[in-house]
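One structure is given here, and the rest of the page talks about it.
The values are calculated or read from the model by the stated rules, or taken from the named source; none is laboratory data. Predicted, not measured: the structure shown is a model, and the values here were computed from it. Virtual Cβ from ideal backbone geometry, glycine too; neighbours counted across all protein chains shown.
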Amino acid sequence: GESVGLHLPTLSVQEGDNSIINCAYSNSASDYFIWYKQESGKGPQFIIDIRSNMDKRQGQRVTVLLNKTVKHLSLQIAATQPGDSAVYFCAENGGSNYKLTFGKGTLLTVNP
Amino acid sequence: GAVVSQHPSWVICKSGTSVKIECRSLDFQATTMFWYRQFPKQSLMLMATSNEGSKATYEQGVEKDKFLINHASLTLSTLTVTSAHPEDSSFYICSAISSGRNTDTQYFGPGTRLTVL
C-alpha cells in the first residue's frame, strides 16, 4: 500500500547547526502535509504544514519544502537548540477524509 | 486555544479487565476525533475515526468489539479496551478536528500509557 516514509531514522547535530529532516511520500492524492514534533511520553505537537499548491513555507526557525515531482518533503530547523531534541514525524492526508498517515519518524538529537 | 486532553495519562490494569480512556476537546467542538496507537519507537497508527452521534469507523485489522468507541458529545470521545491483554499495552493518542477551524488540522492529546499485566 501507499505510505509515508523517512530516509533517516536518526539525526545528530551540534547546537546551533541547521537540521534537515527528510520524508518521502507515495500517495499522489495527498494535498496536505504536516510536520509534528513528539517528545518522549507526549502527544504530537504541530510544527508546520503545507498544501500541495505551495513548495515552501516558513515559520519561526522552521521551513518546510515540498517537491511534488519526486514526492519529497523536508523540514529545516535553523539554529537547532537542545529543546528541539525529539522525534519528528511527517504526515499526509491522502487527499481526503481528514485521515492522516504518519511516516516512521526521525529521532533528532541536539548535542550541546 | 485548540487544547485536547486525555484521561487518564497512564493506567495499569490486570489482564482480562476493561479500561476506558477519555478524550476531550477543551475549548472547541469536535465533530470528528481520531484514536491512534503507538508502540515504542514506532509511528502513530490510526485505529479508528470517531464521529459525534454515529458509529466509529475502524481501520483494517482493528477489532471493533475489542476497542469500543463512543462519541456522545461534541467534546468527548471515549475508547474502551475490553478484556485487555499484555499485547494491548501501548500509548493511545487521540486527536480532534475543530468544526470551526481549518478542518485539515488535527489537535492531539497528550496520550495515555496503558500497561496490561
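Residues in the stretch B:69-107 that are away from chain A (no Cβ under 13 Å), part of a loop (DSSP other than H, G, I, E, B), surrounded by 15 or more Cβ atoms within 10 Å (Cβ to Cβ) and at pLDDT below 95: B:LEU74, B:THR75.
Only a single item in (1) within 14 Å of chain A (Cβ to nearest Cβ); (2) at pLDDT 95 or above; (3) buried (at least 16 other Cβ atoms within 10 Å of the Cβ) is not met by B:VAL116, and it is number (1). Within the stretch A:93-112, residues that are more than 7 Å from chain B (Cβ to nearest Cβ) and buried (at least 21 other Cβ atoms within 10 Å of the Cβ) sit with their Cβ atoms under 6 Å from residues that are in a strand (DSSP E or B) and acidic (Asp, Glu), at 6+ positions apart or across chains, in these pairs: A:THR101/A:GLU92. From the list A:LYS42, A:LYS68, the lone residue that is closer than 30 Å to B:LEU114 by Cβ and either free of Cβ contacts under 8 Å to residues at least 60 places away in the same chain or charged (D, E, K, R) (or both) is A:LYS42. Just one of the numbered conditions (1) within 13 Å of another protein chain (Cβ to nearest Cβ); (2) under 14 Å from B:ALA96 (Cα atoms) is not true of B:SER43: (2).
The residues of the stretch B:2-36 that are of a type in the set (Lys, Arg) and closer than 30 Å to A:SER96 by Cβ amount to a single one, B:ARG24.
Residue-wise test of (1) assigned to a strand (DSSP E or B); (2) under 11 Å from the mean Cα position of the chain (by Cα); (3) on the phi < 0 side of the Ramachandran plot.
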{"residue": "B:ALA2", "(1), (2), (3)": "no, no, no"}
{"residue": "B:GLY16", "(1), (2), (3)": "no, no, no"}
{"residue": "B:LYS20", "(1), (2), (3)": "yes, yes, yes"}
{"residue": "B:ARG24", "(1), (2), (3)": "yes, yes, yes"}
{"residue": "B:PHE28", "(1), (2), (3)": "no, no, yes"}
{"residue": "B:THR31", "(1), (2), (3)": "yes, no, yes"}
{"residue": "B:PHE34", "(1), (2), (3)": "yes, yes, yes"}
{"residue": "B:LEU46", "(1), (2), (3)": "yes, yes, yes"}
